[in-house]
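The values are calculated or read from the model by the stated rules, or taken from the named source; none is laboratory data. Quick caveat, the model's predicted, so the values are computed rather than measured. Cβ coordinates were reconstructed from backbone atoms using ideal geometry, including for glycine residues, and neighbour counts include every protein chain displayed.
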Amino acid sequence: MPGHVPVLADEAVRLLVTEPRGTYVDATLGGGGHAARILAALGGEESKVIGIDCDPAAIARAQANPPAMAPRFVAALARFSTLEAALEERGVERVDGILADLGLSSDQLDDPARGLAFGAEGPLDMRLDPSRSETADRLIRRIGEPELARLLSEYGELPRAKTAARVIRRAAVTERPLTTGGLRAALAPLYPGPSRPRRMAQAFQALRIAVNDELGELQALLEAAARIVRPGGTLVVIAYHSLEDRMVKRAFSPPRSFDPWLPPSEAPASPWEPLTRRPIRPSAEESARNPRARSALLRAARRRGGME
């Protein structure tokens, strides 16, 4: 789709597609770039790609695409936590692979009404799924200063999080509703100099993660994938910050037993066999073409058990 550039598309599709006639899920449909690339790698009328997104605008764009996407493509409105139910509604119990690109789409970032980018003026909304009841502005007003400081520190790794929480809460009292510009103006004196854009991005990231329960949703996806993906199938996840990447790495890594008396043969087996020893990063050429890809970290794993 115009304006949208899928990240690490060649690497993701190469690791994902093991059965050209299979059924695959693009769990973060976004601009449709990865879904189109997966379809191009498949063959046969029985192959299928199911695009999932919690953003109705992404589903509407996909459904308005040329007929080349159909009939092997289906778009479904769902969160990670409702992925299994969405597939069951469409008669799908098992799939050959799932791809999840956890980054935001260009359409979302470039829409000032979303409030996701600190450089654009707009309401402090930040919801990826508009059916969620709480915007970032409402979240800031609901929680106390210590909880806001915790979110800024844990989710954004923001320095001086306690002071940042104090000035944000103060701004929320004087500005109703709080906007992206108001949040930016409140934080600017705390972070002078060339580090300011990074600190703004960290603060906005923390609030976005909290508003959308992104880590909880990612955990739900990782757990569901172990049930949905057929043995021999693959799960590919592209993360953009350390919190997400650590969760994916932990899910793909074999569990360690902390009981010295438990024989290795009795230790619980991981459902996944990692395919990437270290995360794959974009090349210098891709990062130059698409600066939003620079922080991408791709990990992939194969569902244990062999091919069905």
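Summary of computed values
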item	result
Conditions (1) without any contact (Cβ under 8 Å) to a residue 60 or more places away in the chain; (2) not in a helix (DSSP H, G or I): number failed by G31	(1)
Residue satisfying all of: in region 291-305; surrounded by fewer than 16 Cβ atoms within 10 Å (Cβ to Cβ) and in a loop (DSSP other than H, G, I, E, B); modelled with the lowest pLDDT among these	G305
Residue among A100, A113, A165 that is at pLDDT 95 or above and in a helix (DSSP H, G or I)	A165
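Every residue, every condition in (1) among the hydrophobic types (A, V, I, L, M, F, W, C); (2) in a loop (DSSP other than H, G, I, E, B); (3) at pLDDT 95 or above; (4) surrounded by fewer than 17 Cβ atoms within 10 Å (Cβ to Cβ), yes or no:
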position	(1), (2), (3), (4)
A210	yes, no, yes, no
L222	yes, no, yes, no
A225	yes, no, yes, no
R230	no, no, yes, no
E244	no, no, yes, no
S287	no, no, no, yes
M307	yes, yes, no, yes
